Amino acid sequence: MIGNLRPMEIVLILLVVLLLFGAKKLPDMARSLGKSARILKSEAKAMKKESETEAAQQDASAQQAAPKTIQAAPGDVTSSRPVTEPDQQTTKN
């Protein structure tokens, strides 16, 4: 939509904004808009970083919880059995 505006229309819009808000308030408005944009950007980065760390923790816990199985032949699920790790074996007396 902005690409369809001609230079004269853009100048007219800027003139109307200047008349509505005044020359003294425009720099303050631009400054507060810039601060808001920086805050929004930093919060978005923090949320993305937080979600990535949570996903990594969930992946790590899912990998640890899944039992390993040995299959007799590829695709043969009837003879598969769980495998115990050396540190998980029980000792018999």
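Observations on the structure shown:
- Filtered residues of the stretch 1-10 (kept if part of a helix (DSSP H, G or I), under 39 Å from the mean Cα position of the chain (by Cα) and loosely packed, with under 10 Cβ neighbours inside 10 Å): ILE2, GLY3, ASN4, PRO7
- Put simply, of SER42, SER51, SER61, SER80 the only residue that is among the hydroxyl-bearing types (Ser, Thr, Tyr) and at pLDDT 90 or above is SER42.
The values are calculated or read from the model by the stated rules, or taken from the named source; none is laboratory data. The structure displayed is predicted, hence computed values, not measured ones. Quick reminder, even Gly has a Cβ in these numbers, built from the backbone with ideal geometry, and neighbours come from all protein chains shown.
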